[in-house]
1. Looking at the chain, which of its residues are free of Cβ contacts under 8 Å to residues at least 24 places away in the same chain, part of a helix (DSSP H, G or I) and of a type in the set (G, A, S)?
2. Name the residue that is surrounded by the fewest Cβ atoms within 10 Å (Cβ to Cβ), counting only residues in the range 27-44 that are among the aliphatic types (A, V, I, L, M) and closer than 16 Å to E7 by Cα.
Amino acid sequence: MKDLIHESIITAQKPLAHLARNPKAPEPIKAAAQKAFVLVGRLRFHIN
């Protein structure tokens, strides 16, 4: 079950990473995507 949750988190991070690095995206959107990416990533370390 833990592996499934970790895979889901990684899957959720992929579009956020692409959006954060998109040169055409407005800066506030890129910043929000980067922050969400980090917050979702932190969930991985709290699920043991």
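1. Selection gives S8, A17, A20, A31, A32, A33, A36.
2. Looking at residues that are among the aliphatic types (A, V, I, L, M) and closer than 16 Å to E7 by Cα, I get L39.
Laboratory data are not the source of any read-out in this text; all were calculated from the coordinates shown. On a predicted model such as this, the values are computed, not experimentally measured, just so you know. Backbone-built Cβ (ideal geometry, glycine too); neighbour counts: all protein chains shown.
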